[in-house]
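Novice: There's a structure below that I have some questions on.
The values are calculated or read from the model by the stated rules, or taken from the named source; none is laboratory data. Source: prediction; values computed, not measured. Positions of Cβ are backbone-derived with ideal geometry, glycine not excepted, and every protein chain shown enters the neighbour counts.
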């Protein structure tokens, strides 16, 4: 059972003092039979009182306010967590029985929430390209893995090309993005064929394997498989989420699981920096890492991205031909 020490720092810097900052954080790892939180410490600028409650999806959510004028807001979380692998589904159950069970779940809670589709004009095009018309010839787990591999193989992992406000159609046209974009594309594909799928936010702890998603919060998908329950699929790394994935929250999409969000009174211009480091311990070795704050992209700067400009120019040329 691997043990991880995770240090997650979020820093907002404002051009002028702001006040009455009201914030919500989802930085508390899920606690269940596959994940044990042995210690957590959260420190926030101004030491406000942190109120914690559970939301509709069972996530622990913290809220706080910082009324005094301030030029920066730092949220510093330190976690120690032990993870355990989840068994793979028993895919020997006849596939038709599994698809029938999924049909029976379509109008039941909580599955109905994880079948509702996001606006996506290109969905039918995606499913044709991915060969989804033959999904019934496979088990739900086989189809889910195939779609995850499709996203991994057909989208480029490029940091800074998208923001949390980028739409699915923008991501599809760019054929590029980061982990949350990969997860959102996979979500709509799975939901389209009747597999309940939920967004997962958390951390990936690669144990020196160099997996994508290090240095910030990570995102992947959990698909409900009749023969195995909620199974994690990481389309960014083309793998099944296991004991190297630490879960913070689940929801319909990024908005339900956003690690930090809030509002304040004052000047709108600000910068955001995030740093995540992981120390790994497997009983034999310990890897210590330092936390480096990295500037995060903002929506008003997205048009300056050179790759995005290039793709837009190519699309315009294709339309003119």
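Novice: Of the numbered conditions (1) modelled with pLDDT of 95 or more; (2) surrounded by fewer than 17 Cβ atoms within 10 Å (Cβ to Cβ); (3) outside any strand (DSSP E or B), residue 88 satisfies every one except a single condition; which is it?
Specialist: (1)
Novice: Can you find even one residue in the range 178-186 that is in a helix (DSSP H, G or I), over 19 Å from residue 296 (Cβ atoms) and modelled with pLDDT of 95 or more?
Specialist: If we filter the range 178-186 for residues that are in a helix (DSSP H, G or I), which is where we start, we get 179-186.
Going one step further and asking which of them are over 19 Å from residue 296 (Cβ atoms), we end up with 185-186.
Restricting the remaining residues to those that are modelled with pLDDT of 95 or more gives 185-186.
Among the residues of the range 178-186, at least one is in a helix (DSSP H, G or I), over 19 Å from residue 296 (Cβ atoms) and modelled with pLDDT of 95 or more, which makes the answer yes.
Novice: Here is a further query. Is the range 167-176 home to any residue that is in contact (Cβ under 8 Å) with a residue 60 or more places away in the chain and closer than 20 Å to residue 229 by Cα?
Specialist: No: the range 167-176 contains no residue that is in contact (Cβ under 8 Å) with a residue 60 or more places away in the chain and closer than 20 Å to residue 229 by Cα.
Novice: Same structure again: Name every residue in the range 110-128 that is modelled with pLDDT of 95 or more and over 21 Å from the mean Cα position of the chain (by Cα), in order of residue number.
Specialist: Residues satisfying the conditions do not exist here.
Novice: Consider residue 72 against the criteria (1) within 30 Å of residue 269 (Cβ to Cβ); (2) under 19 Å from the mean Cα position of the chain (by Cα): it satisfies all of them except one. Which criterion is unmet?
Specialist: Among (1) within 30 Å of residue 269 (Cβ to Cβ); (2) under 19 Å from the mean Cα position of the chain (by Cα), the lone unmet condition for residue 72 is (2).
Novice: Report yes if some residue within the range 196-205 is out of contact with any strand residue (DSSP E or B) (no Cβ under 8 Å at 6 or more places or on another chain) and either more than 25 Å from residue 99 (Cα to Cα) or part of a loop (DSSP other than H, G, I, E, B) (or both); otherwise report no.
Specialist: For the range 196-205, residues out of contact with any strand residue (DSSP E or B) (no Cβ under 8 Å at 6 or more places or on another chain) and either more than 25 Å from residue 99 (Cα to Cα) or part of a loop (DSSP other than H, G, I, E, B) (or both): absent.
Novice: May I ask you to list the residues in the range 51-68 that are assigned to a loop (DSSP other than H, G, I, E, B) and exposed (fewer than 14 other Cβ atoms within 10 Å of the Cβ)?
Specialist: Scanning the range 51-68 gives 56, 58, 67, 68.
Novice: Turning to a different aspect of this structure: Among all residue pairs at least 6 apart or on different chains, which show Cβ distances below 6 Å where the first residue, located in the range 9-33, is without any contact (Cβ under 8 Å) to a residue 24 or more places away in the chain and the second is assigned to a strand (DSSP E or B) and surrounded by fewer than 19 Cβ atoms within 10 Å (Cβ to Cβ)?
Specialist: Partner pairs satisfying both residue conditions: 31/37.
Novice: Determine whether the range 206-216 contains at least one residue that is without any contact (Cβ under 8 Å) to a residue 40 or more places away in the chain, under 25 Å from residue 32 (Cα atoms), under 14 Å from the mean Cα position of the chain (by Cα) and not in a strand (DSSP E or B).
Specialist: The answer is yes, given that some residue of the range 206-216 is without any contact (Cβ under 8 Å) to a residue 40 or more places away in the chain, under 25 Å from residue 32 (Cα atoms), under 14 Å from the mean Cα position of the chain (by Cα) and not in a strand (DSSP E or B).
Novice: Going by the conditions given, is residue 148 buried (at least 20 other Cβ atoms within 10 Å of the Cβ), part of a helix (DSSP H, G or I) and touching a residue at least 24 places away in the same chain (Cβ under 8 Å)?
Specialist: For residue 148, the condition - buried (at least 20 other Cβ atoms within 10 Å of the Cβ), part of a helix (DSSP H, G or I) and touching a residue at least 24 places away in the same chain (Cβ under 8 Å) - is met.
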